[in-house]
Amino acid sequence: MENNPIHLLIQEDEITRLCQEFIRFDTTNPPGDERPMVEYIRDYLQPYGFETGLIEQGDKRATLVARLKGNGKKPAVVFNGHADVVPVGASQWQHPPFEGIIEEGKVWGRGSTDMKGGVAAMIVAAKALAQAHAPLEGDLIATVTTDEEVSMSGARELTQLPDAKNWQVVIIPEPTANNLGLAERGVFWPEFTTYGKTAHGSTPELGINAVMMMVHLLTELDKLPIPFQLHPILGNFTRSINTIQGGVKVNVVPDQCTALVDMRTVPGQDHQEILNLLKDFLAKLTKNVPDFNSNIRITFELPPVETSFQEPVVQQFINAARLVVNKDVPVVKIPFATEAAILVPALKVPTLIFGPGEPTLAHQPNEYIEISKMVEAAQIYAAAALAYLKG
Ligand SMILES: [Zn+2]
């Protein structure tokens with residue numbers, strides 16, 4: 001292998017072609033319909049010796065598990081990407097979003113950056129490992145999930161695989177412009193509802209105004225200390241009151257008002273503790289404000305997650321990347337939630353976010369991916385997997 005490093009097996013035209021093919025599968029989620037793309041990848045890997053299986057998730061949906069067997073002395077290494085994409089949106093695209101047009105050294109289309117270009121890179125890297133016939137001391141698993149953009153149900157299925165709790169590392173090719181992400185903030189979305197009593201708008205003294213109760217609640221909430229420790233990469237815990245709804249008519253005293261708050265948590269914060277704190281806060285308002293009546297409900301949450309920079313698999317990855325790019329890949333903040341939010345808490349597995357896409361283009365119109373970035377990512381994946389799995 002010394003004379004013929006694995007990353008030299010990576011073919012640019014093959015990654016480009018795969019990325020184009022993936023974009024041509026319309027996997028807009030909802031509804032997703034990822035199955036044809038996932039079957040395409042299964043059929044692509046099978047001839048190279050991968051054992052493949054589909055986790056069925058409804059008629060047109062499935063998650064792929066493709067395994068290149070090692071001798072079992074080391075735990076498996078996992079490349080995990082998602083097949084679904086977010087909707088195209090209303091604005092006119094420069095290139096049609098589901099054709100995978102090549103221009104300016106880029107592949108254009110919905111999902112190119114998030115994350116079909118990354119999936120193309122990881123699949124070609126997995127194939128290169130198979131073709132190299134290097135003796136592997138552990139399995140290399142390539143997984144392609146369904147429904148990352150809505151519920152992360154594909155990732156939840158992966159946590160049920162028999163060997164999942166032993167995996168040595170998961171690499172997720174979400175768009176990081178080939179920088180390394182080790183930590184991401186959590187998502188915590190409480191919904192507050194205040195209740196009042198309806199009355200004619202001309203006799204407000206006969207009613208209880210739920211909107212005014214909400215005004216009171218939100219003013220106090222804004223001042224409520226929610227403890228956190230500043231994170232060296234992720235920075236602050238943040239909160240923002242982003243929707244409010246109440247009342248039906250100008251001449252009716254509103255009896256209900258609802259507000260949603262977007263909270264982004266940092267490692268060290270516990271969502272149950274925050275919920276308890278918010279419940280205590282509401283209990284205090286109930287005690288102190290006449291007629292105050294409210295409720296809280298968590299509409300969605302994903303925990304903050306972090307993999308330590310000191311983990312040996314992180315150092316091995318950086319060393320492998322150095323062989324390809326002649327520098328240490330920078331560690332960056334991941335501004336969005338990834339499937340690490342499911343895998344890390346369930347499996348305690350070190351998880352690295354590293355992908356060729358441009359993070360600012362994710363979910364945007366005129367999304368593209370640079371071909372050279374995909375090639376570089378694939379080379380790094382192959383070099384890292386070999387470093388993890390060789391004897
Ligand atoms: Zn993504």
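Of the helices (runs of 4 or more DSSP H) lying entirely inside segment 274-391, those carrying at least 1 residues that are over 20 Å from A164 (Cβ atoms) are 312-325, 371-389.
The single residue among V38, V65 that is of a type in the set (V, I, T) and either on the phi > 0 side of the Ramachandran plot or in a strand (DSSP E or B) (or both) turns out to be V65.
Only a single item in (1) crowded, with 19+ Cβ neighbours inside 10 Å; (2) under 24 Å from P359 (Cα atoms); (3) in contact with a Leu (Cβ under 7 Å, 6 or more places away or on another chain) is not met by S294, and it is number (2).
Of the residues making up segment 63-92, those that are within 25 Å of L361 (Cα to Cα), surrounded by fewer than 16 Cβ atoms within 10 Å (Cβ to Cβ) and not small (G, A, S) are P87, Q92.
For segment 229-264, what are the residues that are surrounded by fewer than 18 Cβ atoms within 10 Å (Cβ to Cβ), assigned to a loop (DSSP other than H, G, I, E, B) and out of contact with any helix residue (DSSP H, G or I) (no Cβ under 9 Å at 6 or more places or on another chain)? Matches in segment 229-264: Q229, L230, P232, I233, N236, V248, K249, V250, N251. Only one entry in V85, V78 is within 14 Å of the ligand (Cβ to nearest atom) and aliphatic (A, V, I, L, M), namely V85. Those residues that are within 13 Å of the ligand (Cβ to nearest atom) and touching an Asp or Glu at 6+ places or on another chain (Cβ under 6 Å), I need them from segment 341-356; list them, please. Hits for segment 341-356 are I353, G355. Taking residues in segment 357-382 that are closer than 9 Å to P175 by Cβ and modelled with pLDDT of 95 or more, and partners anywhere that are among the basic types (K, R) and away from the ligand (no atom under 16 Å from the Cβ), the pairs with Cβ atoms closer than 7 Å and at least 6 places apart or on different chains are I369/K106. Based on what the data block shows, is A283 surrounded by 14 or more Cβ atoms within 10 Å (Cβ to Cβ) and either more than 16 Å from the ligand (Cβ to nearest atom) or at pLDDT 95 or above (or both)? The answer is no for A283.
Among the residues of segment 45-55, are any modelled with pLDDT under 95 and surrounded by fewer than 24 Cβ atoms within 10 Å (Cβ to Cβ)? No, segment 45-55 has no match at all. Of the strands (runs of 3 or more DSSP E) lying entirely inside segment 108-187, those carrying at least 1 residues that are more than 26 Å from A362 (Cα to Cα) and away from the ligand (no atom under 16 Å from the Cβ) are 140-145.
For residues that are more than 20 Å from G154 (Cβ to Cβ) and among the aliphatic types (A, V, I, L, M), scanning just segment 319-340, find the one that is nearest to the ligand (Cβ to nearest atom). Break it down stepwise before answering.
Keep residues of segment 319-340 that are more than 20 Å from G154 (Cβ to Cβ), which gives 319-333, 335.
From the residues that got through so far, the ones that are among the aliphatic types (A, V, I, L, M) too are 320-321, 323-325, 329, 331-332.
Numbers: A320: 23, A321: 21, L323: 27, V324: 23, V325: 23, V329: 19, V331: 19, V332: 16 Å.
Checked segment 319-340; the qualifying residue nearest to the ligand (Cβ to nearest atom) is V332.
Taken as a whole, segment 210-222 holds at least one residue that is under 27 Å from A183 (Cβ atoms) and in contact with a helix residue (DSSP H, G or I) (Cβ under 9 Å, 6 or more places away or on another chain).
Taken together, G32, G58 contain a single residue that is surrounded by fewer than 19 Cβ atoms within 10 Å (Cβ to Cβ), part of a loop (DSSP other than H, G, I, E, B) and small (G, A, S), which is G58. Checking F354, F300, F309 one by one, the residue that is under 26 Å from A83 (Cα atoms) and loosely packed, with under 15 Cβ neighbours inside 10 Å is F300 and no other.
The values are calculated or read from the model by the stated rules, or taken from the named source; none is laboratory data. The structure presented is a predicted model; accordingly, all values stated were derived computationally and were not measured. Counting neighbours? That spans all protein chains shown, and the Cβs are built from the backbone with ideal geometry, glycine included.
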